[in-house]
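*Asks:* Got a structure for you, questions after.
Bear in mind that the values in this text are calculations on the coordinates, not laboratory data. Being a predicted model, the structure only gives us computed values, none of them experimental. All Cβ positions, even for glycine, are placed from backbone atoms using ideal geometry, and neighbour counts span all protein chains on display.
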Amino acid sequence: MQTSPVHNVFALTPSKAPTLPRVLLIYTGGTIGMVRNPQTGVHEPLNFEHLVSHVPELSQIKVAVSTIQFEQPIDSSNMTPHHWAMIARIIVENYEKYDGFVVLHGTDTMAYTASALSYMLDNLQKPVILTGSQLPIGVLRTDGKENLITAIEMAADHDRIGQPMVPEVCVYFQSKLLRGNRSKKLSAEEFNAFRSPNYPALAEIGVHITYAHHHINYPREHNTPLRPRYSFCTDVVMLKLFPGISQMMVHSVLAIPSLRGVVLETFGAGNAMTESWFLDEIASAVRRGVVVINVTQCIDGMVEMSTYDTGNRLNKAGVISAGDMTTEATITKLMFLLGQGQSQEEVGKNMLTSIAGEID
Ligand code: ASP
């Protein structure tokens, strides 16, 4: 699906603009702005005017908010690297004009987009906060209003010398601000849908907003510009192991001619079958130049391939550990590193090096 952003940025609170912090709200779609089609009963995306009409509180917030939206807001299941680049470009083109950015996004693939943006926006020095909701904003019990308003407040928030409180790509959901590339959608039901199992929250929101300063990444170089990188390689696949997976299935996936990278979702601390057909298939893909990354199916904890023989054999076959990265952060990082033209060896090395705090 091709969508292009509306080019005119319009201000919700123009009269306040000169004195207040400025935030650009980028509306890409998701449940937050959807309405239920009475004929089909299905939630469908609507435009931004519809969304803001349900949040009159936006005019009271002490932030000058401007907005820009995808011409056709989308369900985040339709997000692609093309859309990630569109969001990144909007941020880059407006970077100097705003103190922070809020990206309204569907929850389903929010963790992927947040991870991708964190790699794309090298040397980011301003907040980019993704949020959305489980219930549309027009529904009485919506979780969208609080998510939206608090995300805007945090994107605008700065310390006494004017430095932003959280100059990172984050996900804000239900009173927790999470590092975007550590976040995961864990519930299709609860309002509290996101967690970052292997990294503490960057802020907890109750009566007050309490930032965990020692967990936030602050820029080392203040006077260097944002360095955007937009390319992703899509010649990758995720292969989730399960007891009984057949050789034919594994072989068919690994034999895809254009294949450049595989994220192998393994058991526990990075373990897989020790049957020789399986290890031979993996080793042969690695010899052909395919990057194979080992990520755990567990929600938290990390891959340690030296703990068991079952993991150690993968190591010997040339598989690279994803450490404590989420699957979302791993697949997007693999696509990103390959997209930057890196060789198999370079990707292997850089996979274990943090780009934006996604790995310990
Ligand atoms: N399917 C929706 C989306 O990801 C779900 C949501 O926004 O919560 O766009």
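*Asks:* Could you tell me whether segment 229-360 comes out rounded, prolate or oblate from its Cα gyration tensor? Rule is a ≥ b ≥ c as square roots of the eigenvalues, rounded for a/c under 1.5, then prolate if a/b exceeds b/c, otherwise oblate.
*Replies:* oblate
*Asks:* Calculate, in nm to one decimal, what His208 and Thr40 gain on full extension: separation in residues at 0.36 nm each, minus their alpha carbon distance.
*Replies:* 56.3 nm
*Asks:* Can you tell me how much longer the chain between Lys97 and Thr234 gets when fully stretched, taken as 0.36 nm per residue apart minus their C-alpha distance, in nm with one decimal?
*Replies:* Difference between extended and current length: 46.1 nm.
*Asks:* Before anything else, pin down the relative contact order of the chain: Cα pairs under 8 Å, at least 6 apart, normalised by residue count, whole percent.
*Replies:* Normalised by residue count, the contact order of the chain is 14 percent.
*Asks:* Here's something else I'd like to know. Along Cα→Cβ, 7 Å out, is where each label goes; now give me the distance between the ones at Ser343 and Thr307 in nm to one decimal.
*Replies:* Spacing of the two 7 Å Cα→Cβ label points: 3.3 nm.
*Asks:* Given the C-alpha centroids of segment 182-202 and segment 274-324, what is the distance between them in whole angstrom?
*Replies:* Distance between centres, Cα-based: 26 Å.
*Asks:* Right, next: Label Glu189 and Thr80 with points 7 Å out from Cα along Cα→Cβ: what is the distance between them in nm?
*Replies:* Modelled inter-label distance: 3.5 nm.
*Asks:* Sticking with this structure for a sec: Can you tell me how segment 20-118 classifies by the Cα gyration tensor, rounded, prolate or oblate, using a/c under 1.5 as the rounded cut?
*Replies:* Note, shape of segment 20-118 comes out oblate.
*Asks:* Sticking with this structure for a sec: What is the antiparallel percent of DSSP beta bridges lying wholly in segment 172-278, to the nearest 5?
*Replies:* Roughly 65 percent of the DSSP beta bridges within segment 172-278 come out antiparallel.
*Asks:* When the C-alpha atoms of segment 132-191 are aligned to their principal axes, what extent does each axis show, in angstrom, from largest down?
*Replies:* So the three principal-axis extents are 40, 25, 13 Å.
*Asks:* Which distance in Å, rounded to a whole number, links the C-alpha centroids of segment 86-123 and segment 152-170?
*Replies:* 15
*Asks:* What number does segment 297-360 give for Rg over Rh if you use C-alpha atoms and the Kirkwood radius?
*Replies:* The Rg/Rh ratio comes out at 0.97.
*Asks:* Could you work out how far apart the two model spin labels at Leu226 and Ile299 are, taking each label as a point 7 Å from the Cα in the direction of the beta carbon, and quote it in nm?
*Replies:* With each label point 7 Å from Cα toward Cβ, the separation is 3.3 nm.
*Asks:* So for the chain: antiparallel DSSP bridges make up what percent, rounded to the nearest 5?
*Replies:* Values: 21 of 53 bridges.
For the chain, the DSSP antiparallel bridge percentage is about 40.
*Asks:* For a quick check of your reading of the filter: which GluC sites (Glu not before Pro) in segment 288-346 sit in a DSSP loop and have no more than 11 other Cβ atoms within 10 Å?
*Replies:* Answer in residue order: no site qualifies.
*Asks:* Same structure, new question: Looking only at segment 7-135, where both bridge partners belong to it, what percent of the DSSP beta bridges are antiparallel (to the nearest 5)?
*Replies:* 25
*Asks:* Additional query: Report D for the chain in µm² per second (integer): Stokes-Einstein, Kirkwood Rh on Cα pairs, 37 °C, 0.692 mPa s.
*Replies:* Working: Rh = 21.2 Å.
Answer, rounded: 155 µm²/s.
*Asks:* Sticking with this one: Using the structure shown, list the pairs from Lys126/Lys185; Lys62/Lys333; Lys145/Lys349; Lys176/Lys316 with a Cα-Cα distance above 31 Å, or answer none. All intermediate terms of the calculation are to be shown ahead of the outcome.
*Replies:* Details: Lys126/Lys185 24 Å; Lys62/Lys333 36 Å; Lys145/Lys349 43 Å; Lys176/Lys316 40 Å.
From the list (Lys126/Lys185; Lys62/Lys333; Lys145/Lys349; Lys176/Lys316), the Cα-Cα distance tops 31 Å for Lys62/Lys333; Lys145/Lys349; Lys176/Lys316.
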